[in-house]
Structure formats: C-alpha cells, structure tokens
Amino acid sequence: MFLLRNLEEILASIAISITVLVVIVNVVLRYGFGFVVPWSEELSVICFIWAVYLGISSCYKHKLHMGVDVIVAMLPTRPKRIFKLGVSVFLLGINILMSVLSYQYLMLSSKVTPVMGMSYFAINGVLLLSFSLMAIHTVKFIVDDVASLKSSKQ
C-alpha cells in the first residue's frame, strides 16, 4: 500500500539519485583520472526526464502546483465547490487526452539512443505513466469534490 501511495515519489527519488550519482562519478573520473564514461550523459538525461515527469505527477497529486484563485476565493462556499468540481472534470479530460497522445507518441518510438542503444520507448514511457497517474489522481479529486458538494447540501 505504501509503495502504491508513494509511487511517483519513490520512482522520482530513484531517478534523481541515479542522475546525481552518475554526474558526480563522471566529474570525478573526468577531472581526477582523465577518463569519461561514454554513456553517463545519456543515462543522467534519461533519469532526469523521468524525475521531472514523476515530480510533476507527485506535485499534482498533492495539489502543489501554483494556481491563481483570486476570483474563486471570493465566491461563496457552494459555488466555490461547484467550480472546483468543474475544474477537476476539465483536468480529467486534459489528462486523459494527454495520456492518449502520450500512448500514440510512445507507439512511434522506434529509435534508440546513440551511445547506450536504449529504446526511446523506455524513455518516453514516463509520459504515459505520469499523465495516467494524474488522471487517476483527478478521479480522486472529483470523488472528493462530489462528496464535499453532498455534505454541503445537508
């Protein structure tokens, strides 16, 4: 349960840790021994991409993205909840659309990276994963918004 609840954070932490470790090792090898690991740049970029997209999903899950809610804050409680529900439904549509587009893009990933020979399928897979996770989180937001609306009626 813990792993599923914190999937984005765990995977992003692993990815950013690999990025930092590979970059530090490569810098030490380059300046200390005059040797460069040829695949280190590719691996660090790939892990950084994964960390960024999983971090976006994590921030979305915890509602940490910035928003401008000046007008919404002035609304009474019930219209504010209705507006939040509308925004959540809109975001669900956007996240599903982005998941579908990510899937289509993923299916076109036939190239491989020049040094490691890694398929872009593995690299671009984070797009589908993160947007799908955000869609799942949005469904939870909608359920919470509907429950909040129902409780305000009583």
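The values are calculated or read from the model by the stated rules, or taken from the named source; none is laboratory data. From a predicted model like this one, the values you see are computed outputs, not experimental measurements. Glycine also receives a Cβ, built like all others from the backbone with ideal geometry; neighbour counts cover every protein chain displayed. Ligands, DNA and RNA are stripped out before the accessible areas are found, and what is left, the full protein with its side chains, is counted by its heavy atoms. Shrake-Rupley method; radii C 1.70, N 1.55, O 1.52, S 1.80 Å.
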Worksheet, complete the sentence: Mean Cβ-within-10 Å packing, highest first, puts peptides 113-119, 140-146, 12-18 in the order 12-18, 140-146, 113-119
Worksheet item: Mind checking which helices in the chain clear 15 Å along their axis (Cα) and have mean Kyte-Doolittle hydropathy of 1.6 or more, DSSP H runs only?
Response: 7-28
Discussion item. Just to confirm, what accessible area per residue do you get for the stretch 103-154 at 1.4 Å probe, in whole Å²?
Written reply: 61 Å²
Fill in: Of all accessible heavy-atom area on the chain, the percent that carbon and sulfur account for (1.4 Å)
74 percent
Worksheet item: Lysine pairs, Cα distance under 21 Å, 8 or more residues apart or cross-chain: how many in the stretch 1-152?
Response: 11
Discussion item. As a test of the formula, what do you get for the chain when each DSSP H run with n ≥ 4 contributes -39,500 (n - 2.57) and the sum is divided by the residue count, at 222 nm and rounded to the nearest 500 deg cm²/dmol?
Written reply: -26500 deg cm²/dmol
Response to the item:
Rounded to two decimals, the Rg over Rh value of the chain from Cα coordinates and the Kirkwood Rh reads 1.13
Worksheet item: Which FRET efficiency, nearest 0.05, do Lys111 and Lys140 yield, Cβ-Cβ r, R0 25 Å?
Response: 0.10
Worksheet entry | Among 132-139, 85-92, 69-76, the order from most to least packed when residues are scored by Cβ within 10 Å on average | 132-139, 85-92, 69-76
Worksheet item: Gain in length, Arg78 to Arg5, computed as 0.36 nm per residue apart minus the alpha-carbon separation, to one decimal in nm?
Response: 23.3 nm
Worksheet item: Quick one: length gained pulling Gln104 to Leu64 fully straight, 0.36 nm per residue minus the C-alpha distance?
Response: 11.6 nm
